[in-house]
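The values are calculated or read from the model by the stated rules, or taken from the named source; none is laboratory data. Since we're looking at a predicted model, the values are computed, not measured. Methodologically, a virtual Cβ is constructed for each residue, glycine included, from the backbone with ideal geometry; neighbour enumeration extends over all protein chains shown.
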Amino acid sequence: MKSAIKLGLAALLASTAYTANAQEVQLRLSHWVPATHPVHEMGMADWVESIRKASEGRIEITVYPGQQLGAAPDHYDMARDGIADITYTNPGYQAGRFPIYGLAEIPFHGNNATDGAAALHEWYEPIAETEMSDVYFCLINPHDPGTIHSSSPIRVPADIEGKNIRPAHATMARFVSLLGGNAYQVPAPEARDAISRGIADAITFPWNSIYIFGIDSAVNYSLDMPFYLSSQMLLFNRDVIDGLSEENRQVIEDHCTPEWSKRFSTGWAENEASGRQKMVDNADHEVYTPTEEEVAMWREASQPLIDQWRADVEAVGGDADELYQSYVEALQRHNSLFE
């Protein structure tokens, strides 16, 4: 009887010691989309709750939406500098800073956001160790392929000439300039103002975000093709990651995988796809499907972007051929290559 009591007491003391020693962590996650956005309500909420459950409540993440902690283009540096512990970052908001990842922004490669997210993660994770070495790479979250929405018809590359276009990122800005247009580059939260005031004639955006950001009343034409991806990331401050206990770090690592990139991206992708049907059903909106010849024209027009990407990568010592081939192969493996 005494032996049983001793064993029970020892187990209780061990449990108490474990509880006392278990690391409890409060983390701040900053992003720049509205709190009503699918990223916030779906992928991010699911990811945060899964971490809380997997850590048995040890890791609590508070989310700050809508640029509360900083402007959209600053989110990479906010993670690096510890202004936030985790940030939702669009690398394309800082032109030329991440030349290898710029490949993901070149049009006519990815054809969907879910399998494409897994492909992008698988391809970029080892690259991030050097190109983004001052933060900890966790997830990739592309939107469903976006396209051009405009106040007057845009069907072929020549239609861009002379127009003011709000591009999704620096690569799309270069594309607009190549085609004789003028890039009016502002972050997504400021896009509505640019379009509604007529400062921009068109915008490169995913389908339902046109409605989410209230731009639907200012555009009447859309080009029906998987034009481009804009890929956001979840990035951690490195000191935060390095300071986690072994068990807590394992929880985070288990939530920073290609599978989680796909899961995180699915809800938003489905939401964006719904916007296309809204436009199709709107008698006042034209959704134009380009012919095969017109698609070929767009592809040919984008070739200088690939050439420039190769030059930029080689300038920093990268093997452009190998990197490009590995990107295409990752998209093919995950059934997400636009062909």
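Brief remarks follow.
- Subset of the range 80-96 [modelled with pLDDT under 95 and either aromatic (F, W, Y) or assigned to a loop (DSSP other than H, G, I, E, B) (or both)]: N90, Y93, Q94, A95, G96
- Odd one out for F175, checked against (1) farther than 23 Å from R333 by Cβ; (2) surrounded by fewer than 24 Cβ atoms within 10 Å (Cβ to Cβ); (3) modelled with pLDDT of 95 or more: (2)
- Inside the range 102-144, residues that are assigned to a helix (DSSP H, G or I), without any contact (Cβ under 8 Å) to a residue 60 or more places away in the chain and not acidic (D, E) make up a count of 4.
- Residue check for F338: touching a His at 6+ places or on another chain (Cβ under 7 Å) and either free of Cβ contacts under 8 Å to residues at least 40 places away in the same chain or not basic (K, R) (or both): yes
- Residue list for the range 145-156, restricted to those being touching a Pro at 6+ places or on another chain (Cβ under 9 Å) and in a strand (DSSP E or B): G146, T147
- Candidate set: the range 153-180, residues that are polar (S, T, N, Q) and in contact with an Asp or Glu (Cβ under 7 Å, 6 or more places away or on another chain); chosen: the one farthest from F338 (Cα to Cα): N164
- Residues that are of a type in the set (S, T, N, Q) and surrounded by fewer than 24 Cβ atoms within 10 Å (Cβ to Cβ) within the range 101-146 comprise N111, N112, T114, T130, S133, listed in sequence order.
- Residues in the range 148-159 include none that are at pLDDT 95 or above, among the charged types (D, E, K, R) and in the same structural domain as S30 (by TED's automatic domain parsing).
- The range 219-243 - residue that is crowded, with 21+ Cβ neighbours inside 10 Å and of a type in the set (A, V, I, L, M) and, of those, farthest from E292 (Cα to Cα): L235
- All strands (runs of 3 or more DSSP E) inside the range 189-294 with 2 or more residues being aliphatic (A, V, I, L, M) and modelled with pLDDT of 90 or more: 202-205, 231-237
- Of all residues in the range 157-186, those that are over 17 Å from Y221 (Cα atoms), of a type in the set (A, V, I, L, M, F, W, C) and in a strand (DSSP E or B) total 1.
- Total residues in the range 38-79 satisfying the condition of being modelled with pLDDT of 95 or more, in a helix (DSSP H, G or I) and surrounded by fewer than 18 Cβ atoms within 10 Å (Cβ to Cβ): the figure is 8.
- Members of the range 1-37 found to be at pLDDT below 95 and closer than 27 Å to G214 by Cβ, listed by number: W32, V33, P34, A35, T36, H37
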